[in-house]
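Remarks on the structure that follows.
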Amino acid sequence: MFVTTNDGKIVNLDHIVSAEEPRTGIGFSVMFADGRKERLLLPVADLDALCGTIVPAPPGFMVFEVNIPPVAEAAKGLVCLDPKPIIAFRISAAVDRPVPITADGPVSSSGGWTFAVRGPEGPWVGPDGDYERAADFKAACERELAEAVARHPRKAA
């Protein structure tokens with residue numbers, strides 16, 4: 001898997017053997033498979049999210065992604081992507097649930113993004129509950145946005 005570092009480098013994580021957080025400064029000192037050592041400017045949270053075991057997804061798993069905007073941009077409404085097939089899951093101790101991976105890459109749960117996953121026969125499972133349909137998950141996200149606007153009406157104006 002490729003990642004872009006804060007200083008614009010594109011790095012293939014498959015070629016990194018180890019990474020150490022330095023005592024001072026930012027980023028990580030990494031050892032590549034060819035023996036090179038280099039400092040990468042990559043936030044700890046990003047590296048934690050990328051660690052873990054990737055396992056193939058059984059056929060029939062789908063993900064529905066929704067972006068809930070900040071209150072100041074609530075008038076724009078939700079951004080909903082069409083459900084996509086999941087090809088794999090990343091299982092990591094750094095996150096509460098497996099991270100779905102589609103052909104477009106790992107699904108994000110930052111920057112306002114959230115998602116629900118559906119197995120071949122089951123309901124959509126979101127971060128806060130189960131939903132019979134993707135539309136039910138979208139409605140829950142709309143309620144979450146409306147509640148945030150009600151708590152902070154000045155920011156939404």
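Please treat every number below as a calculation from the coordinates, not as lab data. Note that the structure is predicted; figures quoted are calculated from it, not measured. Using ideal geometry, Cβ is built from the backbone for each residue, glycine included, and neighbour counts are taken over all protein chains shown.
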Practice task
Taking GluC sites (Glu not before Pro) as candidate sites, keep only those in a DSSP loop with at most 16 other Cβ atoms within 10 Å, then name the longest stretch of the chain containing none of them.
Solution key: 1-120
Fill in the blank from the handout: For the range 74-120, one quarter of the surface area of the C-alpha convex hull, expressed in nm², comes to 4.2
Handout entry: Kirkwood hydrodynamic radius (C-alpha pairs) into Stokes-Einstein, the chain, 20 °C and 1.002 mPa s, D in µm²/s
Key = 121
Completion exercise
Out of T114, T53, T102, a Gaussian network model of the chain with alpha-carbon springs under 10 Å gives the largest mean-square fluctuation to T53
Exercise for the section: Just give me a number: lysine pairs in the chain, eight or more positions apart or cross-chain, with C-alpha atoms less than 20 Å apart. Expected result: 4
Problem - Farthest positive-ward along the chain dipole, Cα basis, beta-carbon charges - from T4, S18, V95 - result: T4
Handout entry: Choice from A74, A134, A88 with maximal GNM fluctuation in the chain (Cα, 10 Å cutoff)
Key = A74
Exercise for the section: Give me the angle, in degrees from 0 to 90, between the Cα long axis of helix 134-151 and the longest principal axis of the Cα atoms of the chain, rounded to the nearest 10. Expected result: 90
Practice task
Springs between alpha-carbon atoms under 10 Å, Gaussian network over the chain: tell me which of G129, G77, G25 tops the mean-square fluctuations.
Solution key: G25
Handout entry: Using alpha carbons only: equivalent-ellipsoid semi-axes of the range 76-151, gyration tensor based, whole Å
Key = 22, 15, 12
Completion exercise
S29 and A135 label points (each 7 Å along its Cα→Cβ direction) are spaced in nm at 5.8
